[in-house]
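Student: If you scroll down you'll find the structure; I have some questions about it.
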Amino acid sequence: MNKLIYLTLLSGCITTTVAAKTIYNGDKIDGVPVITKLDTSDLASGKIYRFMFKGVDMNIGQSWYVPVMVAKGNNSGSKLLLNTGIHGDEINGSKVIQNIFASLNPKQLNGTVVGVLQASPNSLTHITRTWHLSTDGGFSEDMNRQFPGKEKGNTAQVHAYKLFNNLYLGNADYAIDLHTQSTDTAYPLFIYADYRLPAVQHLAELIPADQIKIDDGKGDAGALENALDKANIPTITLEIGEGRIYQPELINRAIQGINNVMIDNKMIKGSIGLTASSYNTYIANDMVSVRAQVGGYAEILVKIGDNVTTGQKIAIQRNPFGDIIKEYTAPISGKVLSVGTGATRENGGLLVRILTQNPDPKCKFGC
Ligand SMILES: [Zn+2]
């Protein structure tokens, strides 16, 4: 019903259907037109567009706006959605999308690329992974646990609903949601992918990531990746390194992978470069996080990508006087996927995450 507006012509009682179109509310922000709904099918071909998508309202009666770019190719073809900024302390993805759009030539593009640059502007202003709500004095919600959102909910839920229904749906055949690890922790180039869906596995393995976690989507309820997969839009979460900074090598490898996706879908010309198979990506179905059990200064004794064996010492923590108060060993053999980069860690803070192959048949699609 969202997609169609039914117009009833009273004279003769004839009912006809008209496709929903991009809705402009007439405003401009810094010269960029404001939209409340995107329908890329009604945009003229062969051009790159910029929009400000009007999200949820703030307590002060103003709105949050999401910058969006659309490259509408001269020829028909697949629709690829590139999304970033769901978490506000994750920056590498914005550079990836900016550089992809700088290189796209809409005259030679088949299909459409949508780039959503600051999906959660509230979180970006606070440089945090959560959306700050002002109700009842304020609290926070993880924006990547809200999808597909609620039409009548709190601001995080309503913002997610608007993004999902008025920006993403209808404008994507495939989607890549660009993230990084959180502040004070780091990933390599890493993918979460639901391997129950062959199209998702194919998408993931077009990218020369360091590691892929096979996932059944049950772990993170409300993640955009899972909500889009459920809406029959094959989606991966692409984690690009660590929070807050630009990491050129990882950014460039992510771009290479996204170019592979566009070449594979015949959206652009070219030959596919490094992929998971030629890059020798480590693909596994289980991961274990070793978290701080006390508060104190942490020293991580392994690096991302190291192979570790069960019982190997991987981290220590010291008290303010420098005494070692806790030692941590690997609970399982595998490859180091993530490390804590912040030197101070409190209970529950991530020290080391290990990706591992679990032979249990129940874990075929992820544990
Ligand atoms: Zn994230």
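The values are calculated or read from the model by the stated rules, or taken from the named source; none is laboratory data. Because the structure is predicted, anything quoted here is derived from the model rather than measured. Cβ: placed from backbone, ideal geometry, glycine included. Neighbour counts: every protein chain shown. Just the protein is used for accessible areas: all its heavy atoms, side chains included, with ligands, DNA and RNA removed. Shrake-Rupley method; radii C 1.70, N 1.55, O 1.52, S 1.80 Å.
Student: Using label points projected 7 Å from each Cα along Cα→Cβ, tell me how many nm separate residue 232 and residue 347, to one decimal.
Tutor: Result for the modelled spin labels: 4.8 nm.
Student: Whenever you get a sec, compute what percent of the accessible area on segment 54-174 sits on carbon and sulfur atoms (1.4 Å probe). Walk me through the numbers before you get to the answer.
Tutor: On the way: 2060 of 4590 Å².
Exposed carbon and sulfur together represent 45 percent of the surface.
Student: Report the extension gain between residue 27 and residue 132 in nm, rounded to one decimal, defined as 0.36 nm multiplied by the number of residues separating them, less their alpha carbon distance. Present the calculation step by step, with values, prior to reporting the outcome.
Tutor: On the way: separation 105, 0.36 × 105 = 37.80 nm, distance 2.58 nm.
Between residue 27 and residue 132, full extension yields 35.2 nm more.
Student: Using the heavy atoms of the protein chains and a 1.4 angstrom probe, tell me the accessible area per residue for segment 287-363 in square angstrom. Don't jump to the answer; show the numbers that get you there.
Tutor: Values: 3980 Å² over 77 residues.
The answer is 52 Å² per residue.
Student: Going by average Cβ neighbours within 10 Å, how do the peptides 150-159, 116-125 rank, with the highest at the top?
Tutor: Numbers: 150-159: 17.1, 116-125: 23.1.
So the order, starting with the most tightly packed, is 116-125, 150-159.
Student: Quick one: net charge around residue 296, please, counting Lys, Arg +1 and Asp, Glu -1 for every other residue with C-beta under 9 Å from its C-beta.
Tutor: Working: positive: 318, 326, 345; negative: 346.
My count for the surroundings of residue 296 gives +2.
Student: Mind checking which of 270, 340, 222 has the largest fluctuation in a GNM of the chain, springs on alpha carbons under 10 Å?
Tutor: Looking only at 270, 340, 222, the largest GNM fluctuation is found for 270.
Student: May I ask you to derive the FRET efficiency for residue 333 and residue 249 from their Cβ-Cβ distance with R0 = 25 Å, giving the value to the nearest 0.05? Numbers along the way, then the final one.
Tutor: Working: r = 27 Å, r/R0 = 1.09.
My answer for the efficiency is 0.35.
Student: Taking 8 Å as the Cα distance limit and 6 or more residues as the minimum spacing, I'd like the relative contact order of segment 287-363 as a percentage. Walk me through the numbers before you get to the answer.
Tutor: Working: 182 pairs, mean separation 30.9, N = 77.
Averaging sequence separation for qualifying contacts and normalising by length gives 40 percent for segment 287-363.
Student: Accessible area per residue for segment 22-282 in Å², computed with a 1.4 Å probe and the full protein assembly in place, what is it? Intermediate values should be presented prior to the final figure.
Tutor: Values: 10240 Å² over 261 residues.
Ligands and nucleic acids excluded, the figure is 39 Å² per residue.
Student: Just for the chain, what percent of DSSP beta bridges are antiparallel, to the closest 5? Before the final figure, lay out the partial values.
Tutor: Values: 58 of 84 bridges.
Given both bridge residues lie in the chain, the antiparallel proportion sits at roughly 70 percent.
Student: Semi-axes of the equivalent ellipsoid of the chain: what are they in whole Å, largest first, if each equals the square root of 5 times a C-alpha gyration tensor eigenvalue? Show your work: numbers first, answer last.
Tutor: Values: eigenvalues 295, 120, 68 Å².
Semi-axes, largest first: 38, 24, 18 Å.
Student: On full extension of the chain, what length is gained from residue 44 through residue 303, given 0.36 nm per residue of separation minus the C-alpha to C-alpha distance? Spell out each step's value before the answer.
Tutor: On the way: separation 259, 0.36 × 259 = 93.24 nm, distance 4.89 nm.
Full-extension gain reported as 88.3 nm.
Student: Which angle between 0 and 90 degrees, to the nearest 10, do you get for helix 92-103 versus the longest principal axis of the chain when only C-alpha atoms count?
Tutor: 40 degrees
Student: Compute a Gaussian network model of the chain, connecting alpha carbons closer than 10 Å, and tell me which residue from 349, 273, 31 fluctuates the most.
Tutor: 31
Student: What part of the accessible area of segment 180-234, given as a whole %, is carbon or sulfur when the probe is 1.4 angstrom? Before the final figure, lay out the partial values.
Tutor: On the way: 880 of 1780 Å².
That fraction is 50 percent.
Student: Now a separate question. Probe radius 1.4 Å, ligands and nucleic acids ignored: give me the carbon and sulfur share of the accessible area of segment 287-363 as a rounded percent.
Tutor: Numbers: 2050 of 3980 Å².
Carbon with sulfur: 52 percent of the solvent-accessible area.
Student: Using alpha-carbon pairs under 8 Å, 6+ residues apart, how would you state the relative contact order of segment 22-282 in percent? Each step should come with its number before you reach the end.
Tutor: Numbers: 649 pairs, mean separation 49.0, N = 261.
Over segment 22-282, the number comes to 19 percent.
Student: So what is the relative contact order for segment 15-122, in percent, with contacts set as C-alpha pairs under 8 Å and at least six apart? Before the final figure, lay out each step's value.
Tutor: Numbers: 221 pairs, mean separation 28.3, N = 108.
Relative contact order for segment 15-122 comes out at 26 percent.
Student: Give me the net charge of residue 210's neighbourhood, meaning all other residues with Cβ under 15 Å from the Cβ of residue 210; Lys, Arg count +1, Asp, Glu -1.
Tutor: The answer is 0.
Student: Out of segment 207-268, which trypsin sites (Lys or Arg not before Pro) are coil in DSSP terms and have no more than 15 other C-beta atoms within 10 Å? It would help to have the intermediate numbers written out before the result.
Tutor: Working: sites: 213, 218, 230, 244, 253, 266; in loops: 218, 244, 266.
When the trypsin sites (Lys or Arg not before Pro) of segment 207-268 are filtered for loop state and at most 15 Cβ neighbours within 10 Å, 218, 244, 266 remain.
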